[in-house]
Amino acid sequence: MLIDDLKKQFQQNELPIVFSYDGQEYSGFNRDFEQLSSNSEQINRGECHTTLYRHIPSGTLWTVIIRHYPEYNALEWQAEIYAPEKTGIFADIHYELNVPGTHGRLLGNYGDEGGGYKEFDFSLDNERVYQEAETGRPTHYVFPYYRLETDQNKIAAVLSWQGAWFSQFEQAADGVNISMGQKNICAYLEKGEGFRLPLMLIQEYHSDPTNAWRRFYIDCNMPLVKGERVKPLLAAFNGVCAGLNNDIVRRVKETYDAHGIDYDFWWFDAGWGTDGTGPHNKSGWWYHGVNFEMNFEAFPDGLEWLGKALKREGRDFMLWFEPEVVRTPPEQLEEFFKAHPQFKREWFLGTFQKEWCGIILTAQLIDLGNAECLKWLEERIFEVMDRAEANIFRIDFNIPPAQIWAEHDRPDRRGITENHYCAGYLQLLKDIQSRYPGILMDSCASGGGRNDLETLRLMLPLHYSDHQDMFPQDTNTFIYMQQVLYRWFPYIKNFMSPFSVLDKYAARTVYNPCVSCAFAPEEIDNIDFDRLKEHLKEWRLINKAYMGNYYELEKASNNNTDIKAFMFFNKEENLGFVMVFCPENCTQTAYRAVLQGLEAQKIYSLEDIDTHNVLKMQGDLLCSQGIELNLAPRTARLIKISGEC
């Protein structure tokens, strides 16, 4: 097995780490390294081995952490470097390993902005595959979650880095060579400085790679909320807009409450921040301001009334932050500094500008790699959270940082600013988690731009794409993106928009482990709440199934002609469902859904949610003969599955 071979390599100091130091090339730790210590400990569902090495020419200390999850055939590793004294030049530090076998095939998908998680399937016999997160947001255009298959091995290969990474897969005579790491490293280390390498993970599988990964992700990676696995959640959302104040938010909340919408948490996105020149927002919009401090003109009590009301009702309170940037217009920056006398000018790494809808947006990137700056920023966040009694943290990051990081580096320090920034970003999340134990946190970066594995060990990728709020009627694209993402991320969310409420097909495309009712203040009085409650009632019938196994009954597609069909079954809950979508231009009038993953001799009850007809069949028949469903254009069939006890 590949993992067994890799473990032996680690034990023999043949680590898959490659770099150069002052022009000398290194592969593994057999030359010019001495082992100083080693220890092992048991972790959740696995074991962790930590080994400390010293690189003799540079004097640097390398801590290598290896985690093995035998039950899930998964192995991960990561290294950190510490320099007791100033060093020479380290360059091109990355991971390299060989996966034995011929006829390599690389499967995966691009990121959120890379065609809406568009899939790919490359034959490595025909081409070398190189990908990079050149913008610095790791899952925005590309997606470092891969499946690699040869005639000898089948693995998932995952790189976790919060910035600009690269990957390369190339077929060689003895197997597929994989290279992965942070881009563009060429730097000396200062005395007392640390440098962190990305995390790399592989998981071997023989069949059903999707559910092998999902089980591993849920059991060993997905963060707990209040000490437990997060349950299906319904949110109420007051909209992203200018001009929000207490009266508007109160009216929206009272409307939800008057119609008996039993939501679990309040989703407060943009609209509460300042313009950066004081406790107000004269510009009106979030994209001309500071989204880590409260607009007390609009919310005199800092949303304390809302937090207390939600707490009394047994509900949670999510607040959105964009803490890594200051969007105060350049001509008002002196006013920003005057209003924030403790903020040091050198904490701005650089400026990003773009035109958006005829508006010039400007953002100053804050240096999360500076410990003093990070502490200052955390104090602002904690002040807002504490005052509002918010207990769900949502982060957003709406600029591509890579060019700013690179321009901030000196020629002999390339990669340093990014490396420290990424470490500071993870520290920010850990500090929030430490201050608010068991907190739910949502990862967002213009949608799904920063959903690497280390981030998702601290946060959930609820808002996987801005496509949700920009194009609420693009239902077939939602189906496609969710079918692709379910392979990797079991817990995501979609918005129930006004359009979705009126259209059953659209409503069922929204069903996910988390659903958020998203009606702007100017829309909410026109919502058909009775119909909304019908959708939510049937969502609640099946929502516990999402944490089970996932099966694609038809290949994922985003066109308006092909049947889209998938199913979930959660053995712990003895619950599942089949969802079949017949798009508007599909000519099929019937579909045979052949189920997967059910126990052969067990009897299952299948309830048609629309007709309430119940069919009972044995698992082997459901997985061989299937069930026949009548279809018509723009219809969605939902079949609930329950196992007989």
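Quick notes on this one:
- Filtering Phe166, Phe122 for residues that are farther than 21 Å from Leu453 by Cβ and touching a residue at least 12 places away in the same chain (Cβ under 8 Å) leaves a single hit, Phe122.
- Glu96 meets all of the listed conditions (1) open to solvent by 50 Å² or more (accessible area, probe 1.4 Å); (2) in contact with a Phe, Trp or Tyr (Cβ under 7 Å, 6 or more places away or on another chain) but one, namely (2).
- Among the residues of segment 143-190, those identified as under 20 Å from Arg214 (Cα atoms) and open to solvent by 10 Å² or more (accessible area, probe 1.4 Å) are Arg147, Glu149, Asn153, Lys154.
- Residue among Glu335, Glu304 that is surrounded by fewer than 17 Cβ atoms within 10 Å (Cβ to Cβ), farther than 23 Å from Thr417 by Cα and in contact with a Gly (Cβ under 8 Å, 6 or more places away or on another chain): Glu335
- Filter result for the condition that a residue is touching a residue at least 40 places away in the same chain (Cβ under 8 Å), under 18 Å from Phe237 (Cβ atoms) and surrounded by fewer than 22 Cβ atoms within 10 Å (Cβ to Cβ), over Met441, Met470: Met441
- Residue tally, condition free of Cβ contacts under 8 Å to residues at least 60 places away in the same chain, within 21 Å of the chain's Cα centre (by Cα) and over 17 Å from Met200 (Cβ atoms), over segment 140-155: 1
- Flag set for Glu554, criterion: surrounded by fewer than 21 Cβ atoms within 10 Å (Cβ to Cβ) and either outside any helix (DSSP H, G or I) or in contact with a Pro (Cβ under 6 Å, 6 or more places away or on another chain) (or both).
- Cross-chain or 6+ apart pairs with Cβ under 9 Å, segment 538-553 first and under 14 Å from Asp208 (Cβ atoms), then among the aromatic types (Phe, Trp, Tyr) and in a loop (DSSP other than H, G, I, E, B): Tyr550/Tyr486; Glu552/Tyr486
- Qualifying residue in segment 626-640 (condition: crowded, with 17+ Cβ neighbours inside 10 Å, in a strand (DSSP E or B) and more than 31 Å from the chain's Cα centre (by Cα)): yes
- Filter result (outside any strand (DSSP E or B) and not hydroxyl-bearing (Ser, Thr, Tyr)) within segment 33-59: Asn44, Arg45, Ile56, Pro57, Gly59
- Strands (runs of 3 or more DSSP E) completely within segment 286-403 that count 3 or more residues being on the phi < 0 side of the Ramachandran plot and not β-branched (Val, Ile, Thr): 290-294, 316-321, 348-356, 359-366
The values are calculated or read from the model by the stated rules, or taken from the named source; none is laboratory data. Keep in mind that this is a model prediction, so the values were computed, not measured. Here the Cβ is made from the backbone with ideal geometry for all residues, glycine too, and neighbour counts use every protein chain on show. Heavy atoms of the whole protein, side chains included, go into the accessibility calculation; ligands, DNA and RNA do not. Shrake-Rupley method; radii C 1.70, N 1.55, O 1.52, S 1.80 Å.
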